[in-house]
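**Q** My structure is below; once you've seen it, I'll send some questions.
The values are calculated or read from the model by the stated rules, or taken from the named source; none is laboratory data. Bear in mind the structure is a predicted one, so any value in this text is a computation, not a measurement. FYI the Cβ positions are ideal-geometry reconstructions off the backbone, even for glycines, and counts take in every protein chain you see.
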Amino acid sequence: LHQRVQMVPERGARHVYLTPDQVEALAGHCDHAKDAVLLAAYTGIRRGQLLNLTAENRVGNFIRLGTEGKTGKPQVIPLHPRVQHVQLPLRVTDWTLKHEWNRARQETGLTHVHFHDLRHTIASWLIHSGSDLMVVKDFLGHSSVAVTQRYIHLLTEHLQTAVSRLP
């Protein structure tokens, strides 16, 4: 008697990806939330998980997430050198993060950027650095590659390679 819920296809998906300079500018306009912005951009960790990180989540140059996330699966995220200095727990409240984030968006002229776009940004950086969708899937902790396929439009290298092989 279990009924399956039919999922509505995602329409109007956001495709906002920042450059490293834009991330630095946003972080630079934050006081207490600077490390949170950088960590979100360079790890793709969702805001709720980010704010709940503890010192125990840091294992060397990795962040280890438990099963409390969206997918219910553990995840290990390597830390980019840009954020290896970040100490956990982050000493910022949700209110402070939202307040400083909104101020930073105004001051940088990036008012169209949402905090969650930082998660999309790391996905675009990974793809543009040559990572395939399976790497992005594992990095972001997606439940399946179907979820990760929202970034497939960024994979253009294989198309250029295919065209270059034509007679």
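**Q** Testing W95 on (1) within 14 Å of the chain's Cα centre (by Cα); (2) more than 17 Å from I63 (Cα to Cα); (3) of a type in the set (F, W, Y), one condition comes back false. Which one is that?
**A** Failing condition for W95: (1).
**Q** Of the residues T96, T161, which is within 14 Å of R47 (Cα to Cα) and of a type in the set (S, T, N, Q)? Walk me through how you get there before you give the answer.
**A** Values: T161 fails: within 14 Å of R47 (Cα to Cα).
When all the criteria are applied, what remains is T96.
**Q** Identify the residue in segment 128-144 that is in contact with a Leu (Cβ under 9 Å, 6 or more places away or on another chain) and within 22 Å of R47 (Cα to Cα) and, among all such residues, is surrounded by the fewest Cβ atoms within 10 Å (Cβ to Cβ). Full working, then the answer.
**A** Filtering segment 128-144 down to residues in contact with a Leu (Cβ under 9 Å, 6 or more places away or on another chain) leaves 128, 132-133, 135-136, 139-141.
Within this subset, residues satisfying the condition of being within 22 Å of R47 (Cα to Cα) are 135-136, 139-141.
Working: V135: 14, V136: 26, F139: 19, L140: 22, G141: 20.
Applying the filter and picking the extreme gives V135.
**Q** Taking E100, is it surrounded by fewer than 19 Cβ atoms within 10 Å (Cβ to Cβ), modelled with pLDDT of 95 or more and among the acidic types (D, E)?
**A** Values: surrounded by fewer than 19 Cβ atoms within 10 Å (Cβ to Cβ): no; modelled with pLDDT of 95 or more: yes; among the acidic types (D, E): yes.
Here the answer is no, as E100 does not meet what is asked.
**Q** In the set W125, W95, which member is at pLDDT 95 or above and in a helix (DSSP H, G or I)?
**A** Details: W125 fails: at pLDDT 95 or above.
Going through W125, W95 in turn, the sole match is W95.
**Q** In segment 53-90, which residue that is polar (S, T, N, Q) and touching a residue at least 60 places away in the same chain (Cβ under 8 Å) is surrounded by the fewest Cβ atoms within 10 Å (Cβ to Cβ)?
**A** Step one: of segment 53-90, the residues polar (S, T, N, Q) are 54, 57, 61, 67, 71, 75, 84, 87.
Filter again for touching a residue at least 60 places away in the same chain (Cβ under 8 Å), leaving 71, 75.
Details: T71: 14, Q75: 21.
Applying the filter and picking the extreme gives T71.
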